[in-house]
Structure formats: structure tokens, C-alpha cells
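The values are calculated or read from the model by the stated rules, or taken from the named source; none is laboratory data. Model, not experiment: these values are computed from the prediction. Here Cβ is always computed from backbone atoms with ideal geometry, including for glycine, and neighbour counts include all displayed protein chains.
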Amino acid sequence: MKAGTYNTRSEAIYGGIITVLDIADEEVGAGGYNVDAIANEVLGTIGEGLSYRHVIAVSEGEFWASVKRHTLPKSDDA
């Protein structure tokens with residue numbers, strides 16, 4: 001997981017989740033991830049008005065537990 005604040009949900013998904021999963025995927029060879037389900041579990045918001053931001057709102061352990069729950073099976077067709 002990559003801590004930080006993001007202006008949009010899409011930026012948070014890409015910067016805080018997808019870039020981390022791309023690295024993890026190379027290491028473990030997973031079949032992919034249900035990124036939307038992970039995002040629903042780990043993203044939150046802070047601030048209001050012009051300072052409204054998206055953040056990873058869980059601990060590192062909770063983040064990886066969500067990833068594990070939403071890892072898709074590896075396809076044998078590859």
C-alpha cells in the first residue's frame with residue numbers, strides 16, 4: 001500500500017492500490033485482483049470542500065488482508 005492523499009478516487013486506486021499490486025503480482029504471480037472490491041474496503045476520505053481527499057484508510061495488515069480476499073485465481077491458459 002502507498003500512503004498519501006489523492007484528489008480523486010481514481011488517483012487513489014491507481015496510486016495507492018494498482019501500482020502496489022503490479023509489483024506484488026510480479027513477485028507472487030497472482031491471476032489478478034478485484035481492484036474495485038479492494039478499493040471499497042481500503043479507501044476513505046478526509047477533509048471537506050476544497051480540502052476533500054481520498055486516502056488509504058486502513059493499516060498495512062488490513063490492506064494486504066483485503067488484497068488476499070480479492071485475489072483472483074491464476075488462469076492455466078497463460
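Taking the stretch 42-78 as the search range and keeping residues that are among the basic types (Lys, Arg) and modelled with pLDDT under 95, which one is nearest to residue 9 (Cα to Cα)? Show your work before the answer.
Going residue by residue through the stretch 42-78, those that are among the basic types (Lys, Arg) are 53, 68-69, 74.
Applying the additional criterion that residues be modelled with pLDDT under 95 yields 68, 74.
On the way: 68: 21, 74: 27 Å.
If we take residues in the stretch 42-78 being among the basic types (Lys, Arg) and modelled with pLDDT under 95, then 68 is nearest to residue 9 (Cα to Cα).
I want to confirm something. Restricting to the stretch 1-30 and keeping residues that are within 14 Å of residue 60 (Cβ to Cβ), assigned to a helix (DSSP H, G or I) and small (Gly, Ala, Ser), which single residue is modelled with the lowest pLDDT?
The residue in question is 24.
Restricting the first residue to the stretch 36-55 and requiring it to be without any contact (Cβ under 8 Å) to a residue 24 or more places away in the chain and surrounded by 11 or more Cβ atoms within 10 Å (Cβ to Cβ), which pairs with a second residue that is in a strand (DSSP E or B) and not β-branched (Val, Ile, Thr) meet a Cβ separation below 7 Å and a spacing of at least six or different chains?
Note: pairs meeting the criteria are 45/53; 45/54; 47/53.
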